[in-house]
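Below is one structure, written out as structure tokens; comments come after it.
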Amino acid sequence: MANRAVPKGSEHGIETCREQLASVPLTKIVTNDLFKLRRDFISIDALAEDLKRRGQLCPLFVRPLAGNAGFELISGHRRLAALRKNKVKEAVVRIFPKISNDDALRLAVAENVQREDLTHLEKALLCLKLQDQNKSRIEIAKLVFPSVASKEADRTVANYLTVARTDPKIQTALAHGNICFSVAILLADSLKSKTASALLASDTLDSTLSKISREDMSVREVKALLENPKSTNDEEPSKRNRSASSPCSWQEGKRGGWTFRLNFNPSRIGSNPEKLKQIEAEVLKVLEKVREHL
């Protein structure tokens, strides 16, 4: 096995003893759940095809197992899965001979955060994993959210820990893109509250999440829904009734996006405060949608 020496230390600021680049059999590489930060492997087929076309450009990070029994993977789980899919016999690795569990975890986190590979849910579960490793919120923030200002660090980590501990149904909706992270926090906080709305009871959480996703509700609308819950099983109003009762309408565009229409008729709306509030809420929703895509 030919080795090429790499300067001592690493780009992540973790002290190690003489890293080495090497080519090792895939059968000699084993995984450890401690360093596995991704929930599942998305687009492995595309990554496998890219590796087949261009070859392995980035090494896997590993450390030797005791008794010369092989290597333990620190970072590069998706690449390893793609290489195995391609039935490659060997992989290029960077070996960290005497790296501790703590430094290896820091290295795995730094690699994924630097690549911006982690979803909101994966970051939440990572925060929980790091807390289980007795890391403080400030330490977690430095690892997972290095660009967040120190004054916001504690609150940021607290929000992610809230989502990490919430009902799996909320986590699944977040993972599938049915709700945004801000809505996930709002729902998770409501479930933690002693005065949690009956709307979020175990037997109605599914229908609540479905309503939020179906109506593409904004954070403001979800908050209003939780503060003034209505049955999530009510039938949708007919198109005629919606037109008669609402001065605002949304229509999905044929080429993506949405068209918002405001039917302002002073003679019908007049000084009706409820109608004015409705218009205000819909306009704010427009602004929120625009901000989401900026």
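Can you find a residue that is within 22 Å of K142 (Cα to Cα) and not in a helix (DSSP H, G or I) anywhere in region 102-112? The answer is no; no qualifying residue exists. Of the helices (runs of 4 or more DSSP H) that lie entirely inside region 163-258, those containing 2 or more residues that are exposed (fewer than 10 other Cβ atoms within 10 Å of the Cβ) and either modelled with pLDDT of 90 or more or out of contact with any Phe, Trp or Tyr (no Cβ under 8 Å at 6 or more places or on another chain) (or both) span 239-245. Scan region 69-77 and tell me whether some residue there is among the aliphatic types (A, V, I, L, M) and under 16 Å from the mean Cα position of the chain (by Cα). Within region 69-77, not a single residue is among the aliphatic types (A, V, I, L, M) and under 16 Å from the mean Cα position of the chain (by Cα). For region 140-162, the set of residues classified as touching a residue at least 24 places away in the same chain (Cβ under 8 Å) and touching a Leu at 6+ places or on another chain (Cβ under 7 Å) consists of L143, V144, L161, listed by residue number.
Screening V109, V88 for residues that are open to solvent by 50 Å² or more (accessible area, probe 1.4 Å) and among the hydrophobic types (A, V, I, L, M, F, W, C) leaves exactly one candidate, V88.
With the structure loaded, tell me whether I74 is surrounded by 13 or more Cβ atoms within 10 Å (Cβ to Cβ), under 19 Å from D33 (Cβ atoms) and modelled with pLDDT of 90 or more or whether it fails that test. So I74 fits the description; yes.
The values are calculated or read from the model by the stated rules, or taken from the named source; none is laboratory data. From a predicted model like this one, the values you see are computed outputs, not experimental measurements. Note that each Cβ is placed from the backbone with ideal geometry, even for glycine, and that neighbours are counted across all protein chains shown. Ligands, DNA and RNA are stripped out before the accessible areas are found, and what is left, the full protein with its side chains, is counted by its heavy atoms. Shrake-Rupley method; radii C 1.70, N 1.55, O 1.52, S 1.80 Å.
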